[in-house]
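Enquirer: Dumping the structure here so I can ask a few things about it.
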Amino acid sequence: MEINAFIIFIASIFTSNILLTNFLGMCSFLSVSKEVESSVGLGLAVVFVMTLTTALNYVVYHMVLVPLNIVYLQYIIFIIVIAAFVQLTEMMLERFSPVLYYSLGIFLPLITVNCAILGVSLFMIIRNYSFLQSIAFGAGGGLGWLLAILALAGIRQKVRYKFVPKGLQGAGLSMIITGIMAMAFIGFSGIVVIQ
Amino acid sequence: MTKKEIFINSAFKENAIWSQILGICSALAVTNLMMNSLVMGLGVIFTLALSSSTISLIRDLIPKRVRMMVQTLIIASYVIIVDLILKAYMPQMSKALGPYIGLIITNCIIMGRAEAFAGKNPPLDSMIDGIGAGVGYTVVLMVIATIRELFGFGSLFGIQILGEWFTRWSIMVMAPSAFFVLAVLIWIIHGPIAAKVGK
């Protein structure tokens, strides 16, 4: 069944948020969400890289891997595409837009090992999306991730000076907040369903 | 350090999940069933042991600037092996785990051990360190999965334990419970247990 690309876009932001329902990109999510500003920076970088690498990986998978019958190499190829793309973006930013480089540049190396980027490419293959659907999925996934990290960063700034049991400080508390957020996002699940 | 100390150190003292909060994506995603968690854990142990020893073998040959890329490629090769074995012998399991097997590549634990240990130590020690880290990871996965499967499905390893009288907690099957269970686990370890061990 062909699902409308726009529905995939909306669904991947709200109902099947890659962070809150698929748990992708948790490491950088927990470590960067201390500050709202850096969360926005990393989030935007993720949106950008995720949208474009998903498109690139789609092309590479269907134009190169499938015709040559080397689909089993997909992991290696995807990770090379992502790493090369991030490297190129970093170099171009440094060359053409130093301002943007200083605000986003430091986050780019983090992104290569962000499992959300690779995860979205793998989900795209497993779910057999078309090119347009893949772009919608990549962009939606990135925006959903941005939304989640922004919400957590905002909440963490609020609870910074509150009393928290000792063992729960830091990661434990963030995890509980994320769990409550995930429950809230389940509330969206009536809108659209994709699988 | 003796071999045994290396193992205990990487499995428990420096356990990636509770002391460094690394590699939790997959820890959360596959833990709704114990069987899935066990297979995932074995996959990670295999990848960690072999990639750590390989990276340690060629540690003097890798130029510093490109070492991340080389390490990632080594890890990816072993993950492909795991993936192919699963597809061949356990196709059902391979479907259930979906992309999470492939995501072992970006699991920070493996890269973390490569950076922290395998890059500086001989191959055999690195292998033991890798197995230790993998075992520590699997233990955490199994604990979370036991709780989630028992309350979510009333079963352990797919065998029904709790009878008809038990009302299943559907939240345990869904995503949020993974966060809660892991958070409580970290809380217990950082709170009472850390106080007792005297860290």
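Enquirer: Does residue A:132 satisfy being touching a residue at least 12 places away in the same chain (Cβ under 8 Å), more than 26 Å from residue B:176 (Cα to Cα) and open to solvent by 10 Å² or more (accessible area, probe 1.4 Å)?
Expert: Judged against the criteria, residue A:132 is a match.
Enquirer: I would also like to ask the following. From the list B:85, B:131, B:109, which residue is farther than 22 Å from residue A:84 by Cα and open to solvent by less than 10 Å² (accessible area, probe 1.4 Å)?
Expert: Just a single option satisfies the conditions, and that option is B:109.
Enquirer: Still on this model: Given the residues B:131, B:144, which is the only one that is within 16 Å of the chain's Cα centre (by Cα), within 22 Å of residue B:17 (Cβ to Cβ), within 14 Å of chain A (Cβ to nearest Cβ) and touching a residue at least 40 places away in the same chain (Cβ under 8 Å)?
Expert: Answer to the selection: B:144.
Yes/no per residue for (1) farther than 24 Å from residue B:35 by Cβ; (2) at pLDDT 80 or above; (3) open to solvent by less than 10 Å² (accessible area, probe 1.4 Å):
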| site | (1), (2), (3) |
| --- | --- |
| B:92 | no, yes, no |
| B:100 | no, yes, no |
| B:177 | no, yes, yes |
| B:198 | yes, no, no |
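Enquirer: Sticking with this one: With the requirement that a residue be of a type outside the set (A, V, I, L, M, F, W, C) and either open to solvent by less than 10 Å² (accessible area, probe 1.4 Å) or within 19 Å of residue B:14 (Cα to Cα) (or both), what does region B:134-154 give you?
Expert: Residues satisfying the conditions are B:134, B:136, B:137, B:138, B:148, B:149, B:152, B:154.
Enquirer: Provide a single number: the residues in region B:63-81 that are crowded, with 20+ Cβ neighbours inside 10 Å and over 17 Å from residue A:78 (Cα atoms).
Expert: Residues in region B:63-81 being crowded, with 20+ Cβ neighbours inside 10 Å and over 17 Å from residue A:78 (Cα atoms): 0 in total.
Enquirer: Looking at A:57, A:114, which is the one that is surrounded by 19 or more Cβ atoms within 10 Å (Cβ to Cβ) and closer than 26 Å to residue B:182 by Cβ?
Expert: Selected residue: A:114, the only one of A:57, A:114 that is surrounded by 19 or more Cβ atoms within 10 Å (Cβ to Cβ) and closer than 26 Å to residue B:182 by Cβ.
Enquirer: Could you figure out which of (1) within 18 Å of the chain's Cα centre (by Cα); (2) free of Cβ contacts under 8 Å to residues at least 24 places away in the same chain isn't true of residue A:73?
Expert: Answer for residue A:73: the failing condition is (1).
Enquirer: So in region A:157-174, with the set limited to residues that are in a loop (DSSP other than H, G, I, E, B) and surrounded by fewer than 13 Cβ atoms within 10 Å (Cβ to Cβ), which one is nearest to the other protein chains (Cβ to nearest Cβ)?
Expert: My answer is A:165.
Enquirer: Which one of these is open to solvent by less than 40 Å² (accessible area, probe 1.4 Å), away from every other protein chain (no Cβ under 14 Å), within 18 Å of residue A:11 (Cα to Cα) and not aliphatic (A, V, I, L, M): A:144, A:140, A:119, A:154?
Expert: Of the residues listed, the single one that is open to solvent by less than 40 Å² (accessible area, probe 1.4 Å), away from every other protein chain (no Cβ under 14 Å), within 18 Å of residue A:11 (Cα to Cα) and not aliphatic (A, V, I, L, M) is A:140.
Enquirer: Here's something else I'd like to know. Which of the residues spanning region B:148-179 are within 14 Å of chain A (Cβ to nearest Cβ) and within 30 Å of residue B:79 (Cβ to Cβ)?
Expert: If the condition is that a residue be within 14 Å of chain A (Cβ to nearest Cβ) and within 30 Å of residue B:79 (Cβ to Cβ), then B:148, B:172, B:173, B:174, B:175, B:176, B:177, B:178, B:179 are the ones that fit.
Enquirer: I would also like to ask the following. Consider residue B:170 carefully, then state whether it is among the small types (Gly, Ala, Ser) and surrounded by 15 or more Cβ atoms within 10 Å (Cβ to Cβ).
Expert: Spelling it out, it is not the case that residue B:170 is among the small types (Gly, Ala, Ser) and surrounded by 15 or more Cβ atoms within 10 Å (Cβ to Cβ).
Enquirer: Sticking with this structure for a sec: Hey, among the residues in region B:70-90 that are touching a helix residue (DSSP H, G or I) at 6+ places or on another chain (Cβ under 6 Å) and more than 8 Å from chain A (Cβ to nearest Cβ), which one's modelled with the lowest pLDDT?
Expert: Only one residue fits best here, namely B:71.
Enquirer: Let me ask something else about it. Tell me the helices (runs of 4 or more DSSP H) entirely within region A:67-146 that contain at least 1 residues that are among the charged types (D, E, K, R).
Expert: A:74-96
Enquirer: When region B:51-62 is examined, which residues are found to be surrounded by 16 or more Cβ atoms within 10 Å (Cβ to Cβ) and part of a helix (DSSP H, G or I)?
Expert: B:51, B:52, B:53, B:54, B:55, B:56
Enquirer: Would region A:8-15 turn up any residue that is outside any helix (DSSP H, G or I), polar (S, T, N, Q) and modelled with pLDDT under 85?
Expert: yes
The values are calculated or read from the model by the stated rules, or taken from the named source; none is laboratory data. Source: prediction; values computed, not measured. Here the Cβ is made from the backbone with ideal geometry for all residues, glycine too, and neighbour counts use every protein chain on show. Only protein heavy atoms, including side chains, enter the accessible area calculation; ligands, DNA and RNA are left aside. Shrake-Rupley method; radii C 1.70, N 1.55, O 1.52, S 1.80 Å.
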